[in-house]
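One structure below.
The values are calculated or read from the model by the stated rules, or taken from the named source; none is laboratory data. Keep in mind the model is a prediction, meaning the values are calculated, not measured. In this analysis, Cβ positions are derived from the backbone assuming ideal geometry, glycine residues included, and neighbour counts consider all displayed protein chains. Surface areas here come from the heavy atoms of the whole protein model, side chains and all, with no ligands, DNA or RNA. Shrake-Rupley method; radii C 1.70, N 1.55, O 1.52, S 1.80 Å.
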Amino acid sequence: LGLLYQEYRDKSTRQEIETRRLQDSQTDPEESSPSEEAPSEAEPTSTTENKAPPQISLLRNSNSRFNLWQDLPEIRSSGVLSILQPDEIKLQEAMFELVTSEASYYKSLNLLVSHFMENERMKKILHQSEAHILFSNVLDVMAVSERFLLDLEQRVEENIVISDVCDIVYQHTVNHFSVYITYVSNQTYQERAYKQLLQDKPAFRELISQLELDPKCKGLSFSSFLILPFQRITRLKLLVQNILKKVEEKSDRETTALDAHKELETVVKACNEGVRKMSRTEQMISIQKKLEFKIKSVPIISHSRWLLKQGELQQMNGPKTSRTLRTKKLFREIYLFLFNDLLVICRQIPGDKYQVFDSAPRGLLRVEELEDQGQSLANVFILRLLENADDREASYMLKASSQSEMKRWMISLAPNRRTKFVSFTSRLVDCPQIQCVHPYVAQQPDELSLELADVLNILDKTDDGWIFGERLHDQERGWFPSSMGEEILNPKIRAQNLKECFRVHKSDDSQRRKLGSRNRQ
C-alpha cells in the first residue's frame, strides 16, 4: 500500500507473467504456486465459521509493502492457513488483491489532485476552462474510489477470512461507476489540451517538470497519473475475472462475480466507445474532404461508419489481368480506404487528394492469395468485388509491400475468412497462445494495443514478425509484433486458459455464440 498504483500495477502484472512462465515450464499446472503456500494440514472449511479471528486494520497503514494476504502477520498468527483449503487461499489472495490495488489506486488519484491539480501555481497558470479539460471530473472519480474503498475496507475488517467482494463491486459499478465513462470519454480532448499547453505555455511546462521531480511522484510522469482511471476500470474487470476463475462453481460467490463482471464489461465498453467516437468523427470528416468521385458519389460520413484500414497497394495493369501474362504486366499504385461497411478504391492525385474510381460494400468482398507464383508475384492477392459501383463483379490483382501487409489487408477485407489457426471460440481443444511481456500501443486501426500479462490466441502469423491475435479476456482482435510476447508452449496451460475464459463468459450464452464471427471493432 506504500506503492503508487502505477508501481503496484506494474509489479502485479510482472508477477503474473513470471507465474505463467513457471507454469508453462512444468508438466502439471497445479504444481506451480510460487506465491501461494498450501496449508500443512487440510481441514473442512466449515470450521472457520466457529472461529473468531482478529480483525485487520490493513488499509490505514500507508507504509505496508506489497503483500500477499497469507503473508500478513494477522493471517500468520491466526492459524487460519492450516484450516483453509488451498483453493480457498488462492481465492482469498484474488479478493485481497482487488482491495489493496484499489487502495493504491486511490493513493495515486489523491496525489494527482493534491500535488498537481490543486497546486497554487497551477491554478494561476491555467484558465478555468483549460483546467476543466485537463483534469475533467477527476474529483468525482476520486470520491467514487474513496466510497468504494471504504466499503471494501469494512468488508475486510469484518473477518480475517474475506467472505466476498464482488457484491460490493456490483453495487458500486451499477450506482457510481458512470463517472469513469465521463472521464475516459474526455481522453482525446485531454491529450490534445495537454500537448497544446506544453507547447504554448512555458510556465506550465516548467511547473510540470518541477512537480514530476518531487520524490512523491517516484519518477512517474504527470501523464501516467492522468490515464489512471481508464487503466483502473479495465484492470478492475480483470481482477473480477481472476476471482471468478477461483470461486466454486454454481455457488453464490460465482453468481455475484458473474454479475459484477457483466456490469464492469458494460462500463468498459462504454468507455472504449466514448474514446473512439470523437476521433472517428474527426477522421471521417478529414477523409471526406480528400475524396473526389470519378464515379457516382457515395456519402462517406455516417454515425455508424469508421475507418478500419487505409493504405497504398500496387494494382496489376491491363484490361484483362491474367496469370499467364503476368510477366508483361506492370503494377501501378492505387489507394484503399476500408471502412467497417464500405471499401473505396482510389488513385492519389495532386493536392493530397484521392480520386475514387470504384467502391463496394464490405460484405461483398472476397480475397484469394496467390501461392508459389515466383518473385514477381510475391505478396500478391486477388480482391473480388461481387458488386461494385457499376453493379458488376470486378477483380483486382493487388501486390503488398510485405507478407504481413498482404495478410493484414486480406483479413481486414474479408474478416470471416479462415485464418491459419482457428480461434478458441470454435471450441477446439488447443490453439497456439502467447502472453504479452512488453506493452504495445497500436499504430494502425487494424493493430491491437497490449498490456503486460495479456494472454492471446494466435490466429495467424507472418514470416516477417507479426501476429494476428485474439485476446482471451475481451475477444478483441488485431495485429502486433511477435517480439511483444512469449508463446505458451505447455498444452495443459493453454487448455486451462481456455477453460477459464469460457467460464468467465458463460453467463451470456448469446454472446458466446457470436464470439467466433464477431468483428474486432
Filter region 199-219 down to residues that are in contact (Cβ under 8 Å) with a residue 12 or more places away in the chain and farther than 17 Å from F135 by Cβ, then give me how many there are.
4
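Yes or no: S114 closer than 19 Å to K216 by Cβ, at pLDDT 95 or above and under 26 Å from the mean Cα position of the chain (by Cα)?
Spelling it out, it is not the case that S114 is closer than 19 Å to K216 by Cβ, at pLDDT 95 or above and under 26 Å from the mean Cα position of the chain (by Cα).
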Identify, by number, the condition in (1) open to solvent by 30 Å² or more (accessible area, probe 1.4 Å); (2) in a helix (DSSP H, G or I); (3) touching a strand residue (DSSP E or B) at 6+ places or on another chain (Cβ under 6 Å) that E405 doesn't meet.
(3)
Residue in region 203-222 that is at pLDDT 95 or above, assigned to a helix (DSSP H, G or I), under 20 Å from the mean Cα position of the chain (by Cα) and surrounded by fewer than 21 Cβ atoms within 10 Å (Cβ to Cβ) present:
no
Can you pull out the residues in region 114-160 that are open to solvent by 30 Å² or more (accessible area, probe 1.4 Å), of a type in the set (S, T, N, Q) and farther than 18 Å from N186 by Cα?
S114, N119, Q154, N159
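Rundown of residues vs (1) buried (at least 18 other Cβ atoms within 10 Å of the Cβ); (2) among the hydroxyl-bearing types (S, T, Y), yes/no style:
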{"site": "S251", "(1), (2)": "no, yes"}
{"site": "D259", "(1), (2)": "yes, no"}
{"site": "V268", "(1), (2)": "yes, no"}
{"site": "K277", "(1), (2)": "no, no"}
Could you check, for region 228-244, whether at least one of its residues is outside the structural domain of R471 (by the TED database), over 18 Å from A94 (Cα atoms) and crowded, with 20+ Cβ neighbours inside 10 Å?
yes
When you look at Q199, is it over 22 Å from Y8 (Cα atoms) and surrounded by fewer than 18 Cβ atoms within 10 Å (Cβ to Cβ), yes or no?
yes
Could you check how many residues of region 319-341 are among the hydrophobic types (A, V, I, L, M, F, W, C), at pLDDT 80 or above and in contact with a Gly (Cβ under 8 Å, 6 or more places away or on another chain)?
1
With the requirement that a residue be small (G, A, S) and modelled with pLDDT under 90, what does region 357-408 give you?
G374, S376, A378
Positions within region 427-467 being among the polar types (S, T, N, Q) and open to solvent by 10 Å² or more (accessible area, probe 1.4 Å), in sequence order:
Q443, Q444, S449, T462
Across region 279-297, what is the total count of residues that are assigned to a helix (DSSP H, G or I) and over 17 Å from F339 (Cβ atoms)?
0
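Does region 344-400 hold any residues that are of a type in the set (A, V, I, L, M, F, W, C) and in a loop (DSSP other than H, G, I, E, B), and which are they? Spell out how you get there, then give the answer.
To start, the set of residues in region 344-400 that are of a type in the set (A, V, I, L, M, F, W, C) comprises 344-346, 349, 356-357, 360, 364-365, 367, 370, 377-378, 380-383, 385-386, 389, 394, 397-398, 400.
Residues satisfying the conditions are L370, A378, L386, A389, A400.
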